[in-house]
Structures are given as C-alpha cells and as structure tokens.
1. Can you go through VAL182, VAL163 and tell me which one is at pLDDT 95 or above and surrounded by 20 or more Cβ atoms within 10 Å (Cβ to Cβ)?
2. At pLDDT 95 or above, out of contact with any strand residue (DSSP E or B) (no Cβ under 8 Å at 6 or more places or on another chain) and buried (at least 20 other Cβ atoms within 10 Å of the Cβ): does that describe LEU87?
3. Search the stretch 106-141 for residues being open to solvent by less than 40 Å² (accessible area, probe 1.4 Å) and hydroxyl-bearing (Ser, Thr, Tyr), and hand back the single one that is farthest from the chain's Cα centre (by Cα).
4. Taking the stated definitions as given, is ARG353 of a type in the set (D, E, K, R), farther than 25 Å from LEU124 by Cβ and in contact with a helix residue (DSSP H, G or I) (Cβ under 7 Å, 6 or more places away or on another chain)?
5. If we keep just the residues of the stretch 233-285 that are of a type in the set (A, V, I, L, M) and assigned to a loop (DSSP other than H, G, I, E, B), which is most open to solvent (accessible area, probe 1.4 Å)?
6. What are the pairs with Cβ atoms under 9 angstrom where one residue, in the stretch 172-187, is farther than 30 Å from GLY323 by Cβ and the other, located anywhere, is acidic (Asp, Glu)? Sequence gap at least six, or different chains.
7. Residues ALA205, ALA216: which one is crowded, with 16+ Cβ neighbours inside 10 Å, in a helix (DSSP H, G or I) and not hydroxyl-bearing (Ser, Thr, Tyr)?
8. What number goes with the only condition from (1) open to solvent by 50 Å² or more (accessible area, probe 1.4 Å); (2) modelled with pLDDT of 95 or more; (3) not in a loop (DSSP other than H, G, I, E, B) that VAL428 does not pass?
Amino acid sequence: MEIVGLLSEYAQSKNGILLGVIALVYFLYRRYTRISISHIPGPEPESFWLGNLAELFQSQVGAPDFKWKQHFGDIVRIKGPFGEDRLVVSDPKAMQYIFQTAGYGFLKWPERTEISRVLMGRGLLWADGTIHKRQRKAMLPGFGTPESKAFVPIFLKAGSNLVAQWNDLLASSIDQSVELNVASWLSRATMDSLGEAAFDYHFGALENRENELMKAYFGLMSDTLGQPSRQAIFTQTVMPVWYLRLMSKYSNTRRMVHARHTAQLANDIAQSLIDMKSQALLLGKENKDILSLLVKANASENPASRLTDEEMLAQMRTLLLAGHETSSTSLVWCILEVARHPEVQTKLREEIRATERKLNGRDFTANDFDNMPYMAAVLKESMRFHPAVYQNYRMASHDVVLPLSKPITTTKGEMINELPVGKGTKFVLSIAAYNRNKEVFGEDADVFNPDRWFRGTEKKGPTLGVVGNLLTFAGGVRTCIGWRFAMYEMQSLLVEIVNNFELSPTRELDRLRREACLVMLPTLEGEEIKGENLPLRITIAGRD
C-alpha cells in the first residue's frame, strides 16, 4: 500500500498509479537482465522506493560523495528506485574513459536531459551523439582563443562598473566599510559582461535597470532545482520522459511556472536579437559578439549542418543560463576563499599590482593574465575545492568494461582491476570527490592551498579536463565550449575586485551552505529561499 500512496501523491490519479506500476515492472526487468554490479561495495539504501537518491540529491554538495568515497573508495554502488544498482564514480582512470575515451558511449540520463530541455531548450547541454557533434561544430566560430581574448575589454568594463558601485557604497559608509551579498553583485556583473560579449546587449544589471528577463534568470536555478522534495526526486527518476514533458508543459507548480515564464522571455529576446543580427549580415554590417559570429557562420554552413531556428534560440538560452551561472558561481567561491585567507589575498594583490606597474597606463589584456601564475593557481584551486558543476550524470549506451586506477575489493572478497557494466547502467560522475583525490592532488587535498600548483611539473593521474586536469569544464567531446571565455571573464573580474578592495569574512558565514542546484550556489542556513547569498565585508585596499 505504501507504493500506491506514494504514487497517488505524485500523480493523484488512477492513471498515475498505473504508470507507476508499469515503471516498477520496467525497472525490475532492467535490474535482472543486465550485467550485475551488486558485488560492488556501497551504502545501505534508505528505502526501496528511492534507494540512496534522497541523500544524493537533498544533501549539500559533496556531503554524500565525500562520505561514500571515504568508506568505500572511488567506485561506489548505490541504489536507485526499486533496488536498481547505480555507480558513483570518482576513479581517475574510469573518469577518463567515460569523459574522453568512450566519446558518446555514455549518454546523459534521459530525465536530466529533460531538465536541460525545460531550462535551456534543445541546445548543447541537451544534445547527445551526432546532434551534439553538429551543434558543437556550428558553435565553435564564436569561442576560439582569439575571439575569447578579444572580449577581455568588455569583461574589464563590467569589473570597473562593479568597482564604481562599491566605491559609491563605501563613500556613504561612516566607517568606510560595508557588508555586501557578493554573490548577488557578481551574478549581476557576469550577466552584464555576458550580455555585451555574447549578444551586444546591455542588461544593465549593475545599475539595477528594470529588465524582466534579467529578473527572471536571477534565482532560476535555486528556485527550480534547489532542495528537491522526495516526490520530485521520485517523479523525475521513475516516470518516463514523455510524462515529465507533459508535466513541464501543464504543471502549475511555482517552479514550473517560473521555468516556463523565463523560457518564453528568453525565446522572445533571443529571436529579436537573431533577427537583428541576420538583417545586419544582409546589409554587410558585421559585429564581433558571439551571436553575430554564429549567425554569420550558420549562414555559410551546408544546410544539413546548420543550426535550426529552434536550436539557435536554445543556444542563446544555454549561454544565458549555463554560461552566466557557472562563471558567476565559480568566481563567488574563489572570492570566498580569498576573503578567508588574508595571506592568499595579499600575495594575489601583489602580483596584480606588480603586473599593473608594467602596463604604463594601459589596460590589462589576456596576455597579461596568461603571465600571472599566482592568479591562475588561485582560480584553479578554488575550482578544485568548490566545483561549480559538482556531478555529471551518464548512462552506458552498451555493455562495457570500465578500467580502474587501482584494484577494488568486491563484497565477495575478490580483487578486480576492471569492472564490467551493462547497457543502461546509470553513473553519477562525482567531480567533487575526484577533486579531493589525494593521489592526484596531494595528501592535503581536503585543504584549500593554491601553492599545490607550484609543486613541480610532474603530472599525476590520467588526462581529464582542459584547466588544471580539473573537470570544472567537463572533458572530451563534451568539454565546455566556452571555457576560455569563462576563464578570461573570471580573471578580469578577480583582478578588478582584489586590486581595489580588501575582502573579509562575516559571522553569517557560519551558516554558509553549498546548495546543490545543478550548479553549487552559496546560501545561508535558514534563508535558503532567498537564493544565493555570500555576505562579505568590503573595504578599500590601500596603496603604498
């Protein structure tokens, strides 16, 4: 009767109960007909209906990953609904195989793909296989190294505007210090820089200009994906994609209404911008923003390789959400650690100002950033310690043998050096746990320490990501297409902030949470509903 009660709560109809029963039969069929991984050690499930998924998706980022890694190692079996076996993977060699070697051999979970479609449309983060390959090829002209470097002046302008806003607040402060929600400010700054670089569009986020789309995007991730209920986890995991699609279209929950409203606003603005860029191209007027480059490249492509109108809109929505959230969030956590470690902040400021003295009055360039090793180390360390994207979700498209970095002992006492897994097996690729691997990053991997990046040039572990062998920007065929764009954006804003301000922690940070919302957002315990929040104290950074 418990399963009937649970399903009726979710579907609230006899048809919903029938769907649940069908789903149960399907799950049991898959469980007993594929290659077994039941001999892999793992935690006891909390329930038959959800297995370990409630702990996985309701905990703060990394909490279950670190606990399971400590108790069971880099390959952990967990339970999904109805006793289905899944794997949590942080083994470097296995991660390399899945991200790099196997290409498109490990597809996204269908239910996660549907979440991407709802939030961003059928763009790069939704696509898989040949569709992803075609879309990525069409998008590449806007994200090369020269194009990304050319956006640095735009990023610096956004940073300069942020500095001016903070200076105004400090000028009106009695003690020349002010406590700010740095997460909100950085979100607005990255929205402005992304708008101008990607679309030649000014959101006016830092000036608090009224913009309906901007307001809809702020808080979208935390509002739609933060702290999911057991009901939401069950529904998203068990129900077929076509049912989830119906729910996304007709559900009147606050989360779905917010998601649909944002999608419609984004589509409308993206369409008007695409029309404007297309008209400019016909008139021979060219611009260097990403959208203009994409419109031009798409017009010259073989018709079979072009992005459709729907896909163009989806790419713009993907840039707005994924591009904005990952850069902003990565920088927020970096600023937190700079505030927590005064010695790091001082050393970073010294490098920034030493470089500044060599510029003879000109602005920083991408080449200047490339020659600032300590800033690179601070950014890499913060991305390692606080991964904005903390997990990936994949599913084996065929039977495969997974290579392992070191042997594991099964529940039967056997030592194995590789692991056969069956088609359809679902994987949680724990970037958070991989980033704390002591064999790759040192015995102090659980400590924030930028100096680890100067411990010699000997590479440890297999090749995975494009920056510091981290998986912040994924890897292989699914490497984030905008990783250079994001790095230069973060460097530009970090230089402006640290060069001008002293940052220090506040007492409120005792309540800081690492909120799991597809990306890792900072929130405060008891105030999660308010969204991202990182309260720091800001003062002017004096000069000799």
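1. Numbers: VAL163 fails: surrounded by 20 or more Cβ atoms within 10 Å (Cβ to Cβ).
Going through VAL182, VAL163 in turn, the sole match is VAL182.
2. Values: at pLDDT 95 or above: yes; out of contact with any strand residue (DSSP E or B) (no Cβ under 8 Å at 6 or more places or on another chain): no; buried (at least 20 other Cβ atoms within 10 Å of the Cβ): yes.
Taking the combined requirement at face value, the residue does not satisfy it.
3. Per the stated criteria, the residue is THR113.
4. For ARG353, the condition - of a type in the set (D, E, K, R), farther than 25 Å from LEU124 by Cβ and in contact with a helix residue (DSSP H, G or I) (Cβ under 7 Å, 6 or more places away or on another chain) - is met.
5. Among those residues, the one meeting the criterion is LEU283.
6. SER177/GLU502
7. Result: ALA216 is the single residue among ALA205, ALA216 that is crowded, with 16+ Cβ neighbours inside 10 Å, in a helix (DSSP H, G or I) and not hydroxyl-bearing (Ser, Thr, Tyr).
8. Among (1) open to solvent by 50 Å² or more (accessible area, probe 1.4 Å); (2) modelled with pLDDT of 95 or more; (3) not in a loop (DSSP other than H, G, I, E, B), the lone unmet condition for VAL428 is (1).
The values are calculated or read from the model by the stated rules, or taken from the named source; none is laboratory data. These numbers were taken from a predicted model, which means no experiment stands behind them. Backbone-built Cβ (ideal geometry, glycine too); neighbour counts: all protein chains shown. Areas reflect the complete protein model, heavy atoms only, side chains present, ligands, DNA and RNA absent. Shrake-Rupley method; radii C 1.70, N 1.55, O 1.52, S 1.80 Å.
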